[in-house]
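The values are calculated or read from the model by the stated rules, or taken from the named source; none is laboratory data. Just so we're clear, the structure is a prediction, and the values are computed from it rather than from any experiment. Cβ sites come from the backbone with ideal geometry, for glycine too, and all protein chains shown count toward neighbours. These area figures cover heavy atoms from the full protein model, side chains too; ligands, DNA and RNA do not enter into them. Shrake-Rupley method; radii C 1.70, N 1.55, O 1.52, S 1.80 Å.
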Amino acid sequence: MAGRFDRNPFDEEQEVNPFADQVARGKASGQSNYGGGAFNPTSRLSPLPPEPAGFNYDRDAPIDIPLDTSTDLKKKERELRAKEIELTRREQDVKRREDALARAGGIVLEDKNWPPFLPIIHNDIANDVPDHLQRLAYVAFSTWLGLCLCLLWNVIAVSAAWVKGEGPTIWFLAVIYFIAGCPLAFLLWYRPLYRAFRTESAMKFGWFFLFYLLHLGFCIFAAVAPPIVFKGKSLTGILPAINVIGDSAIVGILYFVGFGLFCLEAVISVYVIQQVYMYFRGTGKEAEMKRQAARGAIRAAIS
């Protein structure tokens, strides 16, 4: 028979009596741990009540873990790739149309975007001109703007001279210079250069050189303003400035400012034509232009 102090095999787990030390001391003193009564070695603590469901210190709380993150990234990547392919296709389509029009001798349609407050011309150097030519294109564009400024200041100075008694003829000439000079400069030399940078056309370069030399000659002539046409006072050159400063200091100062503007315009124009010519020769367009000119002369002779 099993002893009365043997472990119960049906117990779920062995329990530890926290009063074991006190029982041992009770035996030694001959007294009970419970009010001096007889010591009952079979007494034990009752098991703790089971914990309520869900009393797990939030360890069983659901945690939302996004499992479709990689799927979303792949989807966005596919969408970006599709947009990139579509943009590339459109760029190629536009380039193909421009090349076809250039070969056919047509004119590429250009949206007017400059000046921003009142678009009257197309000028988009950042998108139309190759990166290595953009700086030169900007300088060339600045010479066109500089010419417009010179002619506008010329109108102001000549108007002041008219008020001081120089007569209306020189004022009408100054207005004609401004009204005709700005658009003609844009059409005759700036736009050919702009399109030459875009299409690498040798003939466009040829048109630019021809009319830009005329532009440069006009700037030099205006800076001097010899007394050839109406005594030269319709242009704010050095000679009219010296002539009118004795009559009116204000008019003379205006003329001297105009002289400085024409000189600055001439210097920058020399730089532009030099840089364009160096690029023109470096790319071999000079020989191509000569061949095209020879073929044109032969066709004209045959026809």
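Any chance you could check the Cα centroid distance between the stretch 265-282 and the stretch 109-177 for me, in angstrom?
Using only Cα atoms to place each centre, the spacing works out to 19 Å.
Please give the FRET efficiency for Glu91 paired with Leu214, using the beta carbon to beta carbon distance and R0 = 51 Å, rounded to the nearest 0.05.
So the FRET efficiency works out to roughly 0.85.
Under a 1.4 angstrom probe, counting protein chains only, how are Ser159, Ser142 ranked by accessible area, largest first?
In descending accessible area the options line up as Ser142, Ser159.
Amide H of Ile121 versus every other amide H placed in the peptide plane: which residues, excluding those fewer than 5 positions away on the same chain, fall under 5 Å?
Counting only residues 5 or more places away or on other chains, the set is Asn113, Trp114.
Could you pull the accessible area for Arg90 with a 1.4 Å probe, rounded to 10 Å²?
Using a 1.4 Å probe on the heavy atoms, I get roughly 130 Å².
If R0 is 22 Å, what FRET efficiency do you get for Ile156 and Ile120 from their C-beta distance, rounded to 0.05?
0.50
Residue separation times 0.36 nm, minus the C-alpha to C-alpha distance between Tyr279 and Gln134: what's the value?
Separation in residues times 0.36 nm, less the Cα-Cα distance, equals 50.9 nm.
Calculate, axis by axis, the spread of Cα positions in the stretch 158-246 along the three principal axes, and write the results as whole Å, longest axis first.
Between the extreme Cα coordinates on each principal axis of the stretch 158-246 lie 52, 20, 17 Å.
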